[in-house]
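Notes to accompany the following structure.
No lab work stands behind these numbers, since they all come straight from the coordinates. On a predicted model such as this, the values are computed, not experimentally measured, just so you know. Heads up, the Cβs are rebuilt from the backbone with ideal geometry, glycines too, and the neighbour counts pull from every protein chain shown.
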Amino acid sequence: MTSHTSPRTTAVVHSSNRGGLRPLPTSPSVALLVLRLAIGAVFLAHGAQKVFVYGFAGTSGSFAQMGVPLADIAGPLVGLLELLGGLALLVGVATRFAALALAFDMLVATFLVHLPFGIFAADGGYELPLALIGGGVALIIAGAGRISVDAALTRRR
């Protein structure tokens, strides 16, 4: 196996290239874009559902039934956080801050609501929140990547 690298991409070329397929270049920035888009879309959808479908009153009522403290405040706050935080991840603006707030949101949801139901989402478990925490932590550590508003703003300075 031979490894070729450049400042922008890294490609691993196997000496036995079967079927004439070219190896895919790998790029941390493309990987971070995919992660941001996936995690951002999930949060945006859940936030939009809380804000526009259930409304603040419906979300607060649901939170109260689940035993979330200060549900009247937490419902609107979480709905707006997930909506705007998801949007921030999608475009890659204030990425580390948004990822931190959203990961904390999911950590609280895990302990307040999902933990007693085990891991599987179908049973109300913490499968989805855990995946979202992992994605959020990865974005906190790595940042938005080069394909983001954050990177464009940094380049302008």
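What's the extension gain from ARG156 to ALA131 if we count 0.36 nm per residue and subtract their Cα-Cα distance? The partial results should precede the final answer.
Numbers: separation 25, 0.36 × 25 = 9.00 nm, distance 3.35 nm.
Here the segment from ARG156 to ALA131 would lengthen by 5.7 nm.
Which ³J(HN,Hα) values, rounded to whole Hz and listed in residue order, are derived for the range 126-134 from phi using the Karplus coefficients 6.51, -1.76 and 1.60 in 6.51 cos²θ - 1.76 cosθ + 1.60 with θ = phi - 60°, glycine and proline given as x?
Using θ = phi - 60°, the values come out as 9, 4, 5, x, 5, 5, 5, 4, x Hz.
Hey, can you grab everything whose amide H is under 5 Å from the amide H of GLY125? Only 5+ residues off in sequence or another chain; H modelled, so Pro and N-termini drop out.
PHE120
Whole-Hz Karplus ³J(HN,Hα) for the range 29-45, in order, using 6.51 cos²θ - 1.76 cosθ + 1.60 and θ = phi - 60°, x for Gly and Pro?
Working through the residues one at a time gives 5, 5, 4, 5, 4, 4, 4, 4, 5, 5, 5, x, 5, 5, 5, 4, 5 Hz.
Return the sequence-ordered ³J(HN,Hα) values of the range 95-106 in whole Hz as given by the Karplus equation 6.51 cos²θ - 1.76 cosθ + 1.60 applied to θ = phi - 60°, using x for Gly and Pro.
Taking θ as phi minus 60°, the curve returns 4, 5, 5, 4, 5, 5, 4, 6, 5, 5, 3, 6 Hz for the range 95-106.
Could you check the simple spin-label distance between ALA48 and VAL34, using points 7 Å along Cα→Cβ, in nm with one decimal?
Label at ALA48, label at VAL34, 2.3 nm between them.
Go ahead and estimate [θ] at 222 nm for the chain from helices alone: -39,500 (n - 2.57) per DSSP H run with n ≥ 4, summed, over the residue count, rounded to 500.
On the way: 6 runs with 92 residues, N = 157.
Roughly -19500 deg cm²/dmol at 222 nm, from the helical runs in the chain.
Distance in nm between label sites at LEU21 and LEU77, each 7 Å beyond Cα in the beta-carbon direction?
Label-label distance for LEU21 and LEU77, simple model: 4.9 nm.
Considering the values (1) 11, 31, 28, 17, 9, 4, 0; (2) 10, 39, 38, 11, 1, 0; (3) 11, 31, 20, 7, 6, 7, 8, 8, 3, 0, which represents P(r) over Cα pairs in 10 Å bins from 0, in percent as calculated for the structure under consideration?
(1)
Relative contact order for the range 34-156 using alpha-carbon pairs under 8 Å, separation at least 6, rounded to a whole percent? List each step's numbers first, then the result.
On the way: 179 pairs, mean separation 31.1, N = 123.
Relative contact order for the range 34-156 comes out at 25 percent.
Can you give the net charge of the other residues whose Cβ lies under 15 Å from the Cβ of THR59, counting K and R as +1 and D and E as -1?
Once positives and negatives cancel, what remains is -2.
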